[in-house]
């Protein structure tokens, strides 16, 4: 068996990884929508979804089903090929970008089919990680633009035009704002960039401090790249109905939707990795007690979930929630019992929690900020963001010239 | 028939196919898409050749900027199917002939001249981006500066050209 | 490993196709794109040679070519927009004021 | 030595004046214009004086003093530089030109006061001064030729000053063309000299790296060496051809009488005092060559003598006052050439100087007369002016005495020394000298006759004009002062040579000795005794002839005013011939001008120009049109066709670069 498999082991492993990641990402997407609706609702002092399942936890499923089974009309006079291509393109690119993110430093302690398994699809020694990521984001614009054009309808066309212009404009700022980090790390490799941020003082080593300006630019540009509020002009309901995907229904629409949320996740990952030390703990490595933070967080959460579930009348609530709670508690205890696992968990834990924070910020912004006017958008991009990021690059390079690599 | 050779042929096929469809597509958007395909395939080839940075730049600049610009302009001008006029006698059959002649000629020339290169053909060792950058900023610094100037000029020119003159 | 000739021949083919497109497309934008295609073909040759000779100069040149192409695209497209505005047509055969 | 180091200042000043006047004078009042012109000339006169003063401080080996300012033409081993030189000969010419020129400038302010184109006149005059100075100061033939042509230009401009008058314009053209013939010879001479000696510089100078000058090379040659191979003779004859053109000798004298169309000061300055003597100057300047070419010398002598006689005879019957003076100028120039021809260069230059004085004087006086008569030039309509315009009369009479050779005026000495040396010369046979002497003597007789005829017709007898139209008036001071000065000069100018009579050396000749020494030494040494023996008797004879002329004129034009007409009737044929100047103009017209016109019209114009040249030009144009018609088909204006052409070009380039054996097919050679 091994003898037969081993030549193609890497292939098989990769495929499995991809499927796994795909599943995870899609689920996260689904619950991201739920999360977003909830948070926005609470920001606007509403309840948000709470009918389908406890706390509306099953809402995403329902939505998914709805997307799948809705009628899928193709408008007359569309350019069929492009019309179908566009959402595929968008989704594929968005998902691909995730594949480049490394989720942890060390491989799994045991080999499968004689292969060391890294957390993340690409092996960590890819020299052009960040570049590849930018390449993919750069292509991302086509999904929107083509969608807008191919629908052969006014609003989508305008949306497409807007988004392509916007994306080109902000891509410059996006790329430039990262250059500072690259200069400091001296590498495109994401893993190296993260490792470069390790220091005796934990959080103080992160790039956010030397690269605060860069971070601001990066984050704003990234939000614009993902067409999120306050830069969601391509799909500005009030002006363009639904922008580039006006003419798309059911699952094609879902593709755009998923693509958008996936790119949100990607951007959050990038923020975490580039500026917030990726999977590094904010505390100095000497504070060993911080290793128990996951447990400390998981245990009460699990207990709360159990208790909350028991309050439900429905079977579902009575059964599922306590189950989940129990799992969480067990996991917490296991972490205490097996320090090896605990140590291994640390990196992903911190990375995921940072990503979560950024996702929350996304939602938060959506809940609070108004949308920009188009000319404001352009002016801001070209006259504010770009110069600032360039300045950042210059300053950084001079600083490096002066003091050598910072910290 | 190693894996890399397979990949090469796949990519090459992609590139040629893209180029062909660039020619035969009637609608500029489709041509643009085919061209993008060609470019992505080329990027893959660059990766195969061990030129990662060039590959990335190829996609970012060509795919992400230039072609987007093309698509953008096509959308802006709302260009339709290109009309099939034939005012130029020369661009008919003789043009075809000449184009083939040129291609053959170049191919022959290369075939003649690359046997020297052949021997040197080696497994593509990944050229580190650092070396590239040092080369650009040391040996090629003047060309580099010149190109930056060129870009500046181009930007100004584009602005001047594209702005509607205020009546 | 792949012999350099493969790359070179491929680039020659692409270049020839670019020439064909250059001659036979009527839409200005398409013609412009065919020029880009030719540039790409040349780039491929550059990179192939640089890899074959273990010199980075080729890649550097490719970068320069790309930059120039970008500039060219900016200006050229601006010109195209102007032409389209003034002549109401993207067909190069309709833009023939030079004819006597 | 400031000025000697900066000789260029002297000619530059007049040029400056010319430029200023020519460019801006148009709008300026006459006062400023003439002050500029006179200032420029006067300054250069002063500069010249200073230069001369410094010149006398030079040690003999520093002479000739040559300075190179910039090299103008350099080709291979040939160099023509802007080099100026000063030696005794130059000094004389310099003083004469600047001095007389200055006086005439002053005179002109009065004479031209009421003429149009005042600024133009003075600009031209200054221009002339500039070129004349270049001519006399040049240190090589090329630069000398520049001055030579320049004065020709100036004289052309000034003769045609009243260009609205056809006669004036024609005269200008005539002068220019006739001079051209001479210049042609002059140039050929220069070429020949360069071919022979490899340089055109006169003397060696430090600047030229000590390279020997023309004369340095020529001097040591034995007469046979060059004489036998007649190169030098030919060269000299060619030079003399130029000189004859400029100095109005047979056969090229015809332009000078017509040149009288110009304003009188011009006639005085250019066509009497300075320019026309340039020929003499050139011959004297290249005496080294002439000395080696006895044949050429003989030619010069004979031509000079013939001209003198010939012109004098014509002068007998002219009635236009300026014409008379013109012919007398021609004949006096003949004298000078005679002197040069017989090897008495210093005598020639001496006569040149004195002649400059008294002929300028005469012309100016004549101008004053004309001015007084309100533009009347015909002597038959004058008479009895002596009482009306005393000053003019006195000065003019002085000039006449001088030219007639009445001692002790300047003319006597110069003419006497010429006749003396003519009498002595053995060149070309024993009694050639005596023949020349006889001719010269007879000319002297004629000269004094027609000059006094002029005087008597003008100032004596009864008025032959009607009082009512013409009211005679004396000229303004500005005209009389120069007259006076010139009169004085023409009296004392000759005394430099006076001591020769009481055995003392002739100072003028002595002064010029270093220049003419080389060949002159021999005969000077041997003939001392003879000279003294001959000096007095010849002088007496000369004086007698002069007086005879005077008396004849007096008898004919004062005693019996009716006689001349009778004589004219009696010698009808001869009289008519003289009156029509031996029909020379008519002859030239028939022999040269008409055939030339016919040739140019029928051959060069109708045949060559129209059919061949125009044909070629139009043919080329036609061909280009055809080709263009063909090629413009490619300019279809269709971008796609252009694209195809681009492809063709690409193919060609690839072929040329990478396929060597294709190159010849494409006509590329590497």
Query raised in the report: Would segment C:22-34 turn up any residue that is in a helix (DSSP H, G or I), facing chain B (nearest Cβ under 7 Å), over 30 Å from residue B:142 (Cα atoms) and under 11 Å from the mean Cα position of the chain (by Cα)?
Result: yes
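Let me confirm something: among D:383, D:399, which residue is in the same structural domain as residue D:324 (by TED's automatic domain parsing), assigned to a helix (DSSP H, G or I) and within 30 Å of residue D:465 (Cα to Cα)?
Answer to the selection: D:399.
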Report task. Go through segment A:45-70 and count every residue that is farther than 30 Å from residue A:315 by Cβ and either buried (at least 16 other Cβ atoms within 10 Å of the Cβ) or in contact with a helix residue (DSSP H, G or I) (Cβ under 7 Å, 6 or more places away or on another chain) (or both). Result -> 0
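Conditions (1) crowded, with 24+ Cβ neighbours inside 10 Å; (2) more than 8 Å from chain B (Cβ to nearest Cβ); (3) not in a helix (DSSP H, G or I), marked per residue:
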| position | (1), (2), (3) |
| --- | --- |
| C:42 | no, yes, no |
| C:47 | yes, no, no |
| C:51 | yes, no, no |
| C:75 | no, no, no |
Query - Test: residue D:26 is outside any loop (DSSP other than H, G, I, E, B), more than 24 Å from residue D:285 (Cα to Cα) and modelled with pLDDT under 90 - result: yes
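Take the conditions within 14 Å of chain B (Cβ to nearest Cβ) and closer than 27 Å to residue B:56 by Cβ and apply them to residue A:130. Does it pass?
yes
Listed here are the residues, each with its yes/no results for (1) in a loop (DSSP other than H, G, I, E, B); (2) surrounded by fewer than 24 Cβ atoms within 10 Å (Cβ to Cβ).
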| position | (1), (2) |
| --- | --- |
| D:314 | no, no |
| D:318 | yes, yes |
| D:323 | no, yes |
| D:331 | no, no |
| D:334 | no, no |
| D:337 | no, no |
Report summary line: Condition set without any contact (Cβ under 8 Å) to a residue 60 or more places away in the chain and touching a helix residue (DSSP H, G or I) at 6+ places or on another chain (Cβ under 7 Å), scope segment D:59-102, selection surrounded by the most Cβ atoms within 10 Å (Cβ to Cβ): answer is D:90
Report task. Return only the number of the condition from (1) within 14 Å of chain A (Cβ to nearest Cβ); (2) crowded, with 20+ Cβ neighbours inside 10 Å that residue B:11 does not satisfy. Result -> (1)
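Out of segment A:74-103, which residues are within 27 Å of residue A:34 (Cα to Cα) and either outside any helix (DSSP H, G or I) or not assigned by TED's automatic domain parsing to the domain that holds residue A:125 (or both)?
Listed by number, the residues that qualify are A:100, A:101, A:102, A:103.
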Query raised in the report: Among the helices (runs of 4 or more DSSP H) contained in segment A:238-353, which hold 3 or more residues that are modelled with pLDDT of 80 or more and outside the structural domain of residue A:212 (by TED's automatic domain parsing)?
Result: A:293-310, A:315-337
Query raised in the report: If we keep just the residues of segment A:365-380 that are in a helix (DSSP H, G or I), surrounded by 15 or more Cβ atoms within 10 Å (Cβ to Cβ) and in contact with a helix residue (DSSP H, G or I) (Cβ under 8 Å, 6 or more places away or on another chain), which is modelled with the lowest pLDDT?
Result: A:374
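Quickly run through segment D:481-512 and pick out the residues that are under 29 Å from the mean Cα position of the chain (by Cα) and surrounded by fewer than 21 Cβ atoms within 10 Å (Cβ to Cβ).
Across segment D:481-512, the qualifying residues are D:481, D:484, D:485, D:488, D:491, D:492, D:495, D:496, D:498, D:507, D:510, D:511.
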Query raised in the report: Does segment D:634-645 hold any residues that are at pLDDT 75 or above and more than 8 Å from chain C (Cβ to nearest Cβ), and which are they?
Result: D:641, D:642, D:645
Query raised in the report: Does residue D:592 satisfy the condition of being part of a helix (DSSP H, G or I), at pLDDT below 80 and within 29 Å of the chain's Cα centre (by Cα)?
Result: no
Query raised in the report: Restricting the search to segment C:53-73, which residues are facing another protein chain (nearest Cβ under 7 Å) and buried (at least 17 other Cβ atoms within 10 Å of the Cβ)?
Result: C:56, C:59, C:60, C:62, C:63, C:64, C:66, C:67, C:69, C:70, C:71, C:73
Query raised in the report: Among the residues of segment D:86-103, is any assigned by TED's automatic domain parsing to the domain that holds residue D:286 and either assigned to a strand (DSSP E or B) or farther than 21 Å from residue D:277 by Cβ (or both)?
Result: yes
Query raised in the report: Of the residues D:494, D:461, D:440, which is modelled with pLDDT under 85, part of a helix (DSSP H, G or I), within 30 Å of residue D:377 (Cβ to Cβ) and in contact with a helix residue (DSSP H, G or I) (Cβ under 8 Å, 6 or more places away or on another chain)?
Result: D:494
Query raised in the report: Quick one: how many residues across segment C:8-21 are modelled with pLDDT under 85 and either more than 7 Å from chain B (Cβ to nearest Cβ) or not in a helix (DSSP H, G or I) (or both)?
Result: 0
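The values are calculated or read from the model by the stated rules, or taken from the named source; none is laboratory data. A quick note: this is a predicted structure, and the numbers were derived from the prediction, not measured. All Cβ positions, even for glycine, are placed from backbone atoms using ideal geometry, and neighbour counts span all protein chains on display.
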